[in-house]
Amino acid sequence: MKKVLVLYYSQSGQLQSVMDQIVAPLKQCDGIQCDYQKIEPLTPYPYPWPFYRFFNVFPEAVYLDGCPVKTLQIEEQYDLIVLGYTSWFLSPSIPVTGFLQSDQAKKVFNNTPVVTVIACRDMWLMAQEKMKTMLKDLGAHLLDNVVLTDQGKSLYTFVTTPRWMLTGKKDAFWFFPRAGVHENEIASTSRFGDRLCKALQHDEERDSLPLLNNMGAVNVNGKLIATEHIAHRSFLIWSKLIKKAGPQYSRGRNVVITIYVIFLLTLILTIVPLNMLVRKLLSPFRKKSLAKAVKYYEQPSGK
């Protein structure tokens, strides 16, 4: 009997819908025991988020300061772990980080193959780089990565995603598309569960090789790679400043957050579009380096 552990943390329910699709074939698979668990912080985070509370977790997310989480009722050893997470400020969500930093994770992830599943905006590269490091520190082996990103152009999601997080509204409005991953794309993720089922039945997870090659698991937008790197460097600087201003929810921290949000909005309305235009003009001269970067971030699963 093969044992699979599926873990996730979801606020809006979108990631849970994705994980449900992946889990369904595994639960029906002969010879597979599938334990499906939600990571829960000891102190729940709100959804929708109040404005200042949303930005108050910004520094902790960026610097991987995980929160205390509830102990899961799981076994200590599995043949495969499927870990679903969302990106908070270009980093894994704080509850997922908190669990990966727990003593329980140290036991269950050690020497175990892992498939990560991400559902978020179109910027997830830095979050996955941090995830790779945390998994390596736990002694886990990353076999595959599945990524689903919000529908709509990148500039549109600068509006639709914050609106969704801060108000709970994800419907289309004006010329903006509906927020979140398209329902058809979510439904199609069951194919990954089917493939994992067959792989486990044939002991393929023991080979430490990707199981989801040529299945459209990852699609990297090369145009956003440099933008995400720049944004992450900015996040590191501002997170440090916000942390130094005071503890969470303090007046000092909120003052710096206000300054940062004004800076961020100015950046989005001016520098970001200009940067995207410049990079588009330069892209014909950077095809080789861009292709190399795309190939790297598509690993281990590839397209």
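For the condition of a type outside the set (A, V, I, L, M) and at pLDDT below 95, what is the one hit in Asp20, Asp30? Exactly one of Asp20, Asp30 is of a type outside the set (A, V, I, L, M) and at pLDDT below 95, namely Asp30. Taking region 25-41 as the range and being more than 21 Å from the chain's Cα centre (by Cα) and among the hydrophobic types (A, V, I, L, M, F, W, C) as the test, the residues that pass are Leu26, Cys29, Ile32, Cys34. Any residue that is of a type in the set (Phe, Trp, Tyr) and surrounded by fewer than 18 Cβ atoms within 10 Å (Cβ to Cβ) - is there at least one of those in region 234-255? Yes, some residue in region 234-255 is of a type in the set (Phe, Trp, Tyr) and surrounded by fewer than 18 Cβ atoms within 10 Å (Cβ to Cβ). In this entry, Ile81 is excluded by the filter for residues that are part of a loop (DSSP other than H, G, I, E, B) and either under 22 Å from Glu40 (Cβ atoms) or under 10 Å from the mean Cα position of the chain (by Cα) (or both).
Assessment of region 187-200 against the conditions (among the aliphatic types (A, V, I, L, M) and under 19 Å from the mean Cα position of the chain (by Cα)) yields at least one matching residue. The set of residues from region 207-218 being closer than 18 Å to Ser190 by Cβ and touching a strand residue (DSSP E or B) at 6+ places or on another chain (Cβ under 8 Å) comprises Leu211, Leu212, Ala217, Val218. Of all residues in region 24-66, which are touching a Ser or Thr at 6+ places or on another chain (Cβ under 7 Å) and closer than 25 Å to Phe235 by Cα? Those that are touching a Ser or Thr at 6+ places or on another chain (Cβ under 7 Å) and closer than 25 Å to Phe235 by Cα: Tyr47, Pro48, Phe58, Pro59, Ala61, Val62, Tyr63, Leu64, Gly66.
In the set Ala127, Ala105, only one residue is within 22 Å of Asn221 (Cα to Cα), among the small types (Gly, Ala, Ser) and buried (at least 22 other Cβ atoms within 10 Å of the Cβ); that residue is Ala127.
Of all residues in region 145-197, those satisfying the criterion of being out of contact with any helix residue (DSSP H, G or I) (no Cβ under 8 Å at 6 or more places or on another chain), under 22 Å from Tyr45 (Cα atoms) and hydrophobic (A, V, I, L, M, F, W, C) are Val159, Trp164.
The residue that is surrounded by the most Cβ atoms within 10 Å (Cβ to Cβ), counting only those in region 1-59 that are among the small types (Gly, Ala, Ser) and assigned to a helix (DSSP H, G or I), is Ser17.
Here is the figure for region 180-204: residues that are within 17 Å of Thr112 (Cα to Cα) and either in contact (Cβ under 8 Å) with a residue 40 or more places away in the chain or assigned to a helix (DSSP H, G or I) (or both) total 6.
Got at least one residue in region 211-233 being loosely packed, with under 14 Cβ neighbours inside 10 Å, small (Gly, Ala, Ser) and modelled with pLDDT under 95? So far as region 211-233 goes, no, none of its residues is loosely packed, with under 14 Cβ neighbours inside 10 Å, small (Gly, Ala, Ser) and modelled with pLDDT under 95.
The values are calculated or read from the model by the stated rules, or taken from the named source; none is laboratory data. In this text the structure is predicted, and so the values were computed from the model without any measurement. All Cβ positions, even for glycine, are placed from backbone atoms using ideal geometry, and neighbour counts span all protein chains on display.
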